[in-house]
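K.L.:
Let me give you the structure first, and then I'll get to my questions.
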Amino acid sequence: MRKIVTGNKAVAEAVREAKPDVVAAYPITPQTEIVETLADYVSNGQLASQYIAVESEHSAMAACIGAAIAGGRTFTATSSQGLAYMHEMTNWAAGARLPIVMANVNRSLAPGWNLWAEHTDAMQERDTGWLQVYVSTVQEAYDTILMAFRIAEHQDVLLPVMVNLDGFTLSHIMQPFDMVEPGDFIPPIHLSEMIDPKNPKGYGTIAGPAEYFRFRWEIERSMREAVNVIEETQAEFGERFGRTYGLTEEYRCDDADVVVVSLGTLGKEAEVAIDILRDEGIKAGSLRLRWFRPFPELNLAGKDVVVIDRDYSFGFGGVLAHSIRSKNLVKVYSVIAGLGGQEVTYDDIAGFIRHRRIGEESWFGVNAHV
Amino acid sequence: MEIITEIPEEEYVLKCTSACAGCGDSLTLRYVLKATGPDIVLVMPAGCTAAFQGIYPKTAYSVPVVNIAFGAAAACASGISRMFQATGRETRVIVYAGDGGTLDIGLQAMSGAFERRTDFLYICYDNEAYGNTGMQRSGATPLGAKTTTTPTGKTEAKKDIDAIIAAHNPPYQATACASYPQDLFRKVRKALTFHGPTFIHVLSPCPPGWRYSAEKTVEVGRLAVKSGMWALWECEHGKLTISTPTKAAMKKPVPLEEYLSLQGRFRGIEEKTVEQLKEQIQENFRGLAAGEVKP
């Protein structure tokens, strides 16, 4: 079935198909439409989930953790301040190996109060043990949520997955998209260690210096395994439903001399910029990372690399630029653009590529040359 | 007269935990679990009880225990409870949290869970300070008590968590004390006959924190009740019933000094502070006599 909906609604549609046992959520702009829609589905019988209207995001994640330890499939959604408030529990969810799926509608952090798109909220979660994926269209948001449940619950992964979509530029824009009949694409959840009074265990008891690191290594081992699980899941999704996704999405990269790397909706703007530059005879390509954790292997050797960061690590640099540099041993031109919803057009991106200064960093709108 | 033999012989807290000698919290947990039996899950935030649970891969408790972050117990229990509801499981969900995890950092999550009518029993074992971190003041520390962060004695009164809980209109709430195990046992059993959020607030004396000799835990708890510093009661759908030991204390309380003088935390307490505590006790007694929920 083809529908025209917002990114938020598409997320809710996918969650409805995934049939979580428990949804625990708290409202925050620009995510609220997701949880409102789910509450609606629950109240009108379209979704047979327990909906827990918690009093905070910290409690939203804690309730998901409890429900997951009791054996349930769980979902929540948040943004920005909510994600930051939840941070203690996002660590807990990953450490407890619970396959919770969360939509994070990327938004800047206050002050000043700003409701618009930025990736710093999710970047501050990058070391928690959550898988992170960034989507760029309504269709991709829908498809990725469906895949996220299957990936999270895979026995080789058993880690939570955060699906990131840009505030307003994706959460609130409407695009046509095709719904699928998932059938058995998402198998029933099976958590072997769920609460059983006949076999009482401690869930999260003290782990001393001789044991703790082993649990940490298990998270990393699963993170590495997750690469295969993601690729298998995306391949099967393509076979079943006709839409294929990779760890990254490449656009005219094969013969490119210069590649612009980005996350989320900026990656779609970049594709238009690439067409403009190609018309000018500049061999440019766009590489949009879908998966940020686990971080994919990239092949950027011999190319000029321009990285757009819609985030920043103060006193250091753009998080994506740093990740690309450290994993690929390439020099990049790092552009900081789009913070707090700053408008970045395809013409702007074409400009970043034309006027690149490899090895340098520029703040769009601050430094004179960009 | 309570019949002691109704308390099962089964033990769910294994012997030789790393709890301090004379630990009132251990005693509380022991009788709580005898009352609940094994078909439960305990949700336990940071605190002494999570510390003497033992170190992975062992556990000292023969019931499932979900350990959770300090401020998150009631919310985590909400998730478990609703999942059990969805799947028709009758296993009861019990939060077992200290006073810090209840009155302070856990207050918001607890209020939310009570307001949502979560089907669970919330037990607060109250040793009137942050015991596991070495006895810092909490909202539950009484006026005049020395802790490591109130070295000259706390200058504020104990937070009235029971009144806060009462404002959420639970079907059942009670107070208890580790020194009165039959009363505690009966109240836990009673709480589990209700569905919805129920609450039991248990005074759990703490030898190293309160600075008294380990063999005096039961005596100290009993003096708390007999002096009126702690009152035993239960409240069912808003109807208050004062428990027998507190009825006796209301008629003829033991002098407060007998309770205070046993404990190093009250050493050097000023006379005017003792008078303030006595006034509080009388006010609480008046409230109880009028049918109001007061600690």
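K.L.:
Those residues that are in a loop (DSSP other than H, G, I, E, B) and of a type in the set (Val, Ile, Thr), I need them from region A:80-136; list them, please.
P.N.:
A:100, A:128, A:135
K.L.:
How many residues are surrounded by 19 or more Cβ atoms within 10 Å (Cβ to Cβ) and on the phi > 0 side of the Ramachandran plot if we restrict to region B:16-53?
P.N.:
2
K.L.:
Kindly list, by first and then second residue, each pair from a residue in region A:253-281 that is over 20 Å from residue A:167 (Cα atoms) to a residue that is in a loop (DSSP other than H, G, I, E, B) and aliphatic (A, V, I, L, M), limited to pairs with Cβ atoms under 8 Å and residues at least 6 apart or on different chains.
P.N.:
A:257/A:282; A:258/A:282; A:259/A:300
K.L.:
Testing residue A:200 on (1) surrounded by 18 or more Cβ atoms within 10 Å (Cβ to Cβ); (2) outside the structural domain of residue A:296 (by TED's automatic domain parsing); (3) touching a residue at least 40 places away in the same chain (Cβ under 8 Å); (4) not in a helix (DSSP H, G or I), one condition comes back false. Which one is that?
P.N.:
Failed condition: (3).
Here is a yes/no grid of residues against (1) touching a His at 6+ places or on another chain (Cβ under 8 Å); (2) within 16 Å of residue A:150 (Cα to Cα); (3) within 14 Å of chain B (Cβ to nearest Cβ); (4) crowded, with 16+ Cβ neighbours inside 10 Å:
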position: A:193; (1), (2), (3), (4): no, no, yes, no
position: A:213; (1), (2), (3), (4): no, no, yes, no
position: A:247; (1), (2), (3), (4): no, yes, no, yes
position: A:255; (1), (2), (3), (4): no, no, no, no
position: A:266; (1), (2), (3), (4): no, no, no, yes
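K.L.:
Only one of A:226, A:235 is in contact with a strand residue (DSSP E or B) (Cβ under 7 Å, 6 or more places away or on another chain), among the small types (Gly, Ala, Ser) and more than 14 Å from chain B (Cβ to nearest Cβ). Can you tell me which?
P.N.:
A:226
K.L.:
Ok, one more. Residues of region B:240-267 being without any contact (Cβ under 8 Å) to a residue 12 or more places away in the chain and not in a helix (DSSP H, G or I), which ones?
P.N.:
Within region B:240-267, B:241, B:252 qualify.
K.L.:
May I ask you to verify whether residue A:145 is under 30 Å from residue A:343 (Cα atoms) and either in the same structural domain as residue A:222 (by TED's automatic domain parsing) or within 13 Å of the chain's Cα centre (by Cα) (or both)?
P.N.:
So residue A:145 passes the test.
K.L.:
A further question on this structure: From the list B:72, B:60, which residue is in contact (Cβ under 8 Å) with a residue 24 or more places away in the chain, more than 7 Å from chain A (Cβ to nearest Cβ), under 24 Å from residue A:206 (Cβ atoms) and buried (at least 18 other Cβ atoms within 10 Å of the Cβ)?
P.N.:
None of the other options fit; the residue is B:60.
K.L.:
Which number in (1) more than 8 Å from every other protein chain (Cβ to nearest Cβ); (2) hydrophobic (A, V, I, L, M, F, W, C); (3) surrounded by 18 or more Cβ atoms within 10 Å (Cβ to Cβ); (4) closer than 19 Å to residue B:161 by Cα marks the one condition that residue B:13 misses?
P.N.:
(4)
K.L.:
Continuing with the same structure: If residue A:192 passes every condition in (1) at pLDDT 95 or above; (2) hydroxyl-bearing (Ser, Thr, Tyr); (3) farther than 30 Å from residue A:242 by Cβ but one, which one does it miss?
P.N.:
(1)
K.L.:
Exactly one of these conditions fails for residue B:107: (1) out of contact with any Gly (no Cβ under 6 Å at 6 or more places or on another chain); (2) hydrophobic (A, V, I, L, M, F, W, C); (3) without any contact (Cβ under 8 Å) to a residue 40 or more places away in the chain. Give me its number.
P.N.:
(3)
Every residue, every condition in (1) among the aromatic types (Phe, Trp, Tyr); (2) in contact with an Asp or Glu (Cβ under 8 Å, 6 or more places away or on another chain); (3) more than 29 Å from residue A:212 (Cα to Cα), yes or no:
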{"position": "A:83", "(1), (2), (3)": "no, yes, no"}
{"position": "A:86", "(1), (2), (3)": "no, yes, no"}
{"position": "A:93", "(1), (2), (3)": "no, no, no"}
{"position": "A:111", "(1), (2), (3)": "no, no, yes"}
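K.L.:
Return the residues of region A:45-59 that are of a type in the set (S, T, N, Q) and at the interface with another protein chain (Cβ under 7 Å from one of its Cβ atoms); say none if nothing qualifies. Steps first, answer last, please.
P.N.:
Taking region A:45-59 as the starting set, the residues that turn out to be of a type in the set (S, T, N, Q) are A:46, A:49-50, A:56, A:59.
A:50, A:56, A:59, listed by residue number.
K.L.:
Here is a further query. Give region A:237-258 a look and list any residue that's more than 15 Å from residue A:279 (Cα to Cα), in contact with a helix residue (DSSP H, G or I) (Cβ under 8 Å, 6 or more places away or on another chain) and not in a loop (DSSP other than H, G, I, E, B), or say none.
P.N.:
A:237, A:241, A:249 - these are the residues of region A:237-258 that are more than 15 Å from residue A:279 (Cα to Cα), in contact with a helix residue (DSSP H, G or I) (Cβ under 8 Å, 6 or more places away or on another chain) and not in a loop (DSSP other than H, G, I, E, B).
K.L.:
Quick one: would you say residue A:230 is assigned by TED's automatic domain parsing to the domain that holds residue A:148 and touching a Gly at 6+ places or on another chain (Cβ under 8 Å)? Reasoning before the result, please.
P.N.:
Numbers: assigned by TED's automatic domain parsing to the domain that holds residue A:148: yes; touching a Gly at 6+ places or on another chain (Cβ under 8 Å): no.
No.
K.L.:
Okay, next question. Output the strands (runs of 3 or more DSSP E) that fall wholly within region A:267-370 and possess 3 or more residues being closer than 26 Å to residue A:168 by Cα and not charged (D, E, K, R), or say none.
P.N.:
By residue number, A:284-289, A:304-309, A:332-336.
K.L.:
Enumerate the helices (runs of 4 or more DSSP H) found wholly within region B:122-222, keeping only those where 3 or more residues are surrounded by fewer than 21 Cβ atoms within 10 Å (Cβ to Cβ).
P.N.:
Of the helices (runs of 4 or more DSSP H) lying wholly inside region B:122-222, those with at least 3 residues that are surrounded by fewer than 21 Cβ atoms within 10 Å (Cβ to Cβ) span B:161-166, B:181-191.
K.L.:
Right, here's the next one. Restricting to region B:76-121, give me the number of residues that are within 18 Å of residue B:202 (Cβ to Cβ), surrounded by fewer than 21 Cβ atoms within 10 Å (Cβ to Cβ) and within 10 Å of chain A (Cβ to nearest Cβ).
P.N.:
Residues in region B:76-121 being within 18 Å of residue B:202 (Cβ to Cβ), surrounded by fewer than 21 Cβ atoms within 10 Å (Cβ to Cβ) and within 10 Å of chain A (Cβ to nearest Cβ): 1 in total.
K.L.:
Of these, A:287, A:277, which one is outside the structural domain of residue A:162 (by TED's automatic domain parsing) and touching an Asp or Glu at 6+ places or on another chain (Cβ under 6 Å)?
P.N.:
Going through A:287, A:277 in turn, just one is outside the structural domain of residue A:162 (by TED's automatic domain parsing) and touching an Asp or Glu at 6+ places or on another chain (Cβ under 6 Å): A:287.
K.L.:
Another question, then. Return a yes/no flag: does region A:65-74 have any residue that is more than 8 Å from every other protein chain (Cβ to nearest Cβ) and among the hydroxyl-bearing types (Ser, Thr, Tyr).
P.N.:
Checked region A:65-74: no residue is more than 8 Å from every other protein chain (Cβ to nearest Cβ) and among the hydroxyl-bearing types (Ser, Thr, Tyr).
The values are calculated or read from the model by the stated rules, or taken from the named source; none is laboratory data. On a predicted model such as this, the values are computed, not experimentally measured, just so you know. Virtual Cβ from ideal backbone geometry, glycine too; neighbours counted across all protein chains shown.
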